[in-house]
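First comes the structure, then the notes that go with it.
The values are calculated or read from the model by the stated rules, or taken from the named source; none is laboratory data. Not measured: the values here are computed from a predicted model. Neighbour counts run over all protein chains shown; Cβ positions are idealised from the backbone, glycine included.
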C-alpha cells in the first residue's frame with residue numbers, strides 16, 4: 001500500500017482556490033545563516049555570505065563536502081533538507097527528497113528517493129525509488145514538516161501542468177530508509 005496521500009484536488013484552469021494553512025513565522029536574528037545544497041556526488045553545502053547591511057554579498061563559502069561510496073550522480077534537486085531531531089537518541093538528522101530521471105522508449109520517467117543525512121551532511125540512508133501518481137514527469141518542488149513533526153507535506157508538479165500537495169507520515173518515511181550499501 002502506498003503511504004503517500006494526495007491532499008489537494010486539481011485546480012480547474014483559469015481559477016484560483018485558496019485555503020488558509022497555519023504557518024509558523026520565524027523571526028530573523030543576527031545569527032541568521034542561509035545554506036544551499038549543491039549536488040549529491042559529492043554532497044556540497046555552501047553558506048551564502050551576507051554583508052553588515054544584511055544583504056547577500058554574492059559570495060558563497062563551502063561548508064561541507066561529503067563523498068559517498070554509492071553513485072549519487074543522477075540524483076537531482078527536489079525537496080531541500082529539513083531538520084529532524086531524534087528524541088530517543090538525541091541526534092540531529094536531515095531528510096531530503098530527491099529525484100532521478102530515467103529515459104526509455106516510453107519517454108522520461110521521474111522517480112523519487114528519500115535521503116537521510118547526519119549532522120555533517122553525510123548520506124546515511126536512502127529509500128528505494130518511488131513515484132507519487134504515475135510513471136512519467138513528476139517531481140517534488142519542496143517539502144516541509146508539520147508543526148507536530150509527525151507528517152511531511154510535499155508540493156509536487158505532475159506532467160509540468162498540474163500541482164498537488166501530498167502528505168506522508170514521517171514514520172513511513174523513516175521505515176523506508178535503508179543503509180546505502182544494502183541497496
Would you be able to tell me the number of residues in segment 56-69 that are outside any strand (DSSP E or B) and either modelled with pLDDT of 85 or more or within 19 Å of the chain's Cα centre (by Cα) (or both)? 2
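This table checks each residue for (1) over 13 Å from the mean Cα position of the chain (by Cα); (2) exposed (fewer than 11 other Cβ atoms within 10 Å of the Cβ); (3) on the phi > 0 side of the Ramachandran plot.
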{"residue": "82", "(1), (2), (3)": "no, no, no"}
{"residue": "90", "(1), (2), (3)": "yes, yes, yes"}
{"residue": "107", "(1), (2), (3)": "yes, yes, yes"}
{"residue": "125", "(1), (2), (3)": "yes, no, no"}
{"residue": "132", "(1), (2), (3)": "yes, no, no"}
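Pick from 27, 74, 44, 49: which is part of a loop (DSSP other than H, G, I, E, B) and at pLDDT 85 or above? Give the derivation first.
Values: 27 fails: at pLDDT 85 or above; 44 fails: part of a loop (DSSP other than H, G, I, E, B); 49 fails: part of a loop (DSSP other than H, G, I, E, B).
From the options 27, 74, 44, 49, the qualifying one is 74.
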